[in-house]
Amino acid sequence: MFLMKDIVRDGNKVLRQQAKKVSFPLSEEDKQLAKDLMEYLTVSQNPKLCKKYNLRAGVGLAAPQVGESKMMASVLVPNDEDESNPIFKDVIINPVILSNSVQRAALTEGEGCLSVDKDIPGFVHRSARITLKYTDVNGEDHKVRLKNYPAIVCQHEIDHLHGTLFYDHIDSDDPFSKRDDDIFID
Ligand SMILES: O=CN(O)CCNC(=O)c1cccc(Cl)c1Cl
Ligand code: NI
């Protein structure tokens, strides 16, 4: 199980590299990595276990964040009304954003990252809607249209696979700049 000691922090070059495509069928090592990446999220989203293991909660975790420069990331966007039916839960392998809306969206409270220890305030403007293609651990291909929070999280994770960190998107001159048609997600 990954703990905070296993999380690579900003400054380590692996976070600024282009991750390598994952080949199928998955090796045993890659199957285990996928499992561990999702397990971190489920444990970190359980208040008792999160505290027990001293974790920072997360809704996504990309392989480069644990030092593995591979195109793989777990995403677990919980459904506050029904914990047993998450809005999005999968390990996305070799993800490609096929198309994205011109309209932008940002989380009102900004973003955070396990690999960035300091809080960096500001709007992280992303595409409000994306069409995402990826392969899952069983080798099944998926093509999904995402919007709102799941779209934001997937973009944060896919950024990690291309060496981008959330604060790269914050306007340093005016961190809370906005356009009329921007969507803000609480
Ligand atoms: O790459 C994944 N992490 O760094 C895990 C910690 N951050 C989050 O869970 C998180 C928090 C806020 C907004 C977004 Cl989009 C995300 Cl992803
Ligand atoms: Ni992150």
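The values are calculated or read from the model by the stated rules, or taken from the named source; none is laboratory data. Bear in mind the structure is a predicted one, so any value in this text is a computation, not a measurement. Glycine also receives a Cβ, built like all others from the backbone with ideal geometry; neighbour counts cover every protein chain displayed. These accessible areas exclude ligands, DNA and RNA; they are computed on the full protein's heavy atoms, side chains included. Shrake-Rupley method; radii C 1.70, N 1.55, O 1.52, S 1.80 Å.
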Inset, instruction - With springs only between Cα atoms under 10 Å apart, run a GNM on the chain and tell me which of 92, 120, 152 wobbles the most. - result: 120
Legend entry - Relative contact order, percent, the stretch 74-186 [alpha-carbon distance under 8 Å, six or more residues apart]: 29 percent
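May I ask for the longest run of the chain untouched by GluC sites (Glu not before Pro) that are loop-located per DSSP and have at most 16 neighbouring C-beta atoms (other than their own) within 10 Å? Provide the component values of the computation, followed by the final result.
On the way: sites that count: 81, 83, 109, 140.
Result for the longest clean stretch: 1-80.
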Inset, instruction - Could you pull out every residue, at least 5 positions away or on a different chain, whose amide H is within less than 5 Å of the one on residue 107? Hs are placed 1.01 Å off N in the peptide plane, and Pro or chain starts have none. - result: 124, 185
Inset, instruction - Sticking with the crude label model, points 7 Å out along Cα→Cβ, report the distance from residue 17 to residue 57 in nm, one decimal please. - result: 3.2 nm
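Which trypsin sites (Lys or Arg not before Pro) does the stretch 38-120 hold that lie in a coil by DSSP with at most 14 other beta carbons within 10 Å?
Numbers: sites: 48, 51, 52, 56, 70, 89, 104, 118; in loops: 56, 118.
Answer by residue number: 56, 118.
Taking a temperature of 10 °C and a viscosity of 1.306 mPa s, what whole-number D in µm²/s does Stokes-Einstein yield for the stretch 109-173 with Rh from Kirkwood over alpha carbon pairs? Don't jump to the answer; show the numbers that get you there.
Numbers: Rh = 13.1 Å.
Reported coefficient: 121 µm²/s.
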Legend entry - In nm, spacing of pseudo-spin labels at residue 31 and residue 172 (7 Å Cα→C-beta vector): 4.6 nm
Legend entry - Of 48/70; 5/35; 5/89; 5/118, those spanning more than 21 Å from alpha-carbon to alpha-carbon: 48/70; 5/89
Legend entry - Cα centroid separation, the stretch 57-71 to the stretch 80-148 (Å): 13 Å
Legend entry - For the chain: span of alpha carbons on each principal axis (Å, largest first): 48, 39, 36
Inset, instruction - Quote the charge dipole size of the stretch 26-100 about the Cα centre in Debye, to the nearest 20; the model charges only the Cβ of Lys and Arg (+1) and of Asp and Glu (-1). - result: 300 debye
Legend entry - Mean separation of Cα contacts under 8 Å, 6 or more apart, over the residue count of the stretch 2-156: relative contact order %: 22 percent
Legend entry - For residue 137, distant residues with modelled amide H under 5 Å away: 91
Legend entry - Heavy atoms of residue 8 accessible to a 1.4 Å probe, total area in Å² rounded to 10: 20 Å²
Inset, instruction - May I ask you to rank 159, 141 by accessible area, largest first, using a 1.4 Å probe over the protein chains only? - result: 141, 159
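In square angstrom, what is the accessible area per residue of the stretch 16-94 with a 1.4 angstrom probe?
Details: 4180 Å² over 79 residues.
It amounts to 53 Å² per residue over the stretch 16-94.
Taking the Cα centre of the chain as the origin, how large is its charge dipole in debye, to the nearest 20, when only Lys and Arg (+1) and Asp and Glu (-1) carry charge on their Cβ atoms?
Values: 24 positive and 30 negative charges, 83 e Å.
I would put it at about 400 debye.
Can you compute the charge dipole magnitude of the stretch 59-146 about its Cα centre, using +1 on each Lys and Arg Cβ and -1 on each Asp and Glu Cβ, nothing else charged? Give it in debye, rounded to the nearest 20.
Values: 9 positive and 13 negative charges, 115 e Å.
Dipole about the Cα centre, nearest 20: 560 debye.
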